[in-house]
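The structure appears right after this line, and notes come after that.
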Amino acid sequence: MPVEAELTAVVRDPDRVRAALSERAEPEYSVYSDTYFDRPDHSMDHAGYELRVRTITTGDRQRTVVTYKEPPADAASRSKPEYETAADDPPVMCKIFSALGLVELIALEKHCENYRFTADGRDMLATVVTIPELAGQTFIELETMAEPHDLAEALRSVRAVLDDLGVTKDDAVERSYTDMVSAKRDSSPGT
């Protein structure tokens, strides 16, 4: 099963990174509305599994996908085997998960600028991400698909593109967006 070879980092100079990416591809602007589900004891999250319903709004178009991710195949990058399928009705998916005993772990919104291009012979997707609850921070996700035996080489290709964009290893993000948003909510007054 293919693995999403992905690195995520903080972007220290968003304008420069956007300009460099625009030389590779035209951006597509989307809003991702994500709801993550887990068992009541959060055992899936603790073990590295993810189950997500995502509604993607691009202009006046909307589509929804359900994604299941297994624990990381590469702990350093958090690259995970991923299974994804289209869903026509997000509330129905949420009801099904609830009927199966799952609970909402967290819901959040991501504002994304997607750039699709080829580098090192690989199809790449660079996403510049802002999350309203993490105001003042900009992130980049860079990914390509790889077979498990090719993951290390795919990650080297991803790292090379990030280096070319001026995003260094020191900019790597160690925590998931869900963890960062959850921590922000927990530290907000009145919670």
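The values are calculated or read from the model by the stated rules, or taken from the named source; none is laboratory data. These numbers come from a predicted model, not from an experiment. All Cβ positions, even for glycine, are placed from backbone atoms using ideal geometry, and neighbour counts span all protein chains on display.
A few points about this structure:
- Taking the criterion of being under 13 Å from GLU104 (Cβ atoms) and either in contact with a helix residue (DSSP H, G or I) (Cβ under 9 Å, 6 or more places away or on another chain) or part of a strand (DSSP E or B) (or both), the residues of the range 51-90 that qualify are LEU51, ARG52, VAL53.
- Verdict on THR118 being among the polar types (S, T, N, Q), exposed (fewer than 13 other Cβ atoms within 10 Å of the Cβ) and touching a strand residue (DSSP E or B) at 6+ places or on another chain (Cβ under 8 Å): yes
- Any hit, the range 147-159, residues being assigned to a strand (DSSP E or B), touching a residue at least 12 places away in the same chain (Cβ under 8 Å) and within 19 Å of the chain's Cα centre (by Cα): no
- Count of the range 1-50 residues which are assigned to a strand (DSSP E or B), under 24 Å from PRO132 (Cβ atoms) and within 17 Å of the chain's Cα centre (by Cα): 16
- Residue check, LEU21 modelled with pLDDT of 95 or more, touching a strand residue (DSSP E or B) at 6+ places or on another chain (Cβ under 8 Å), more than 24 Å from SER182 (Cβ to Cβ) and not small (Gly, Ala, Ser): yes
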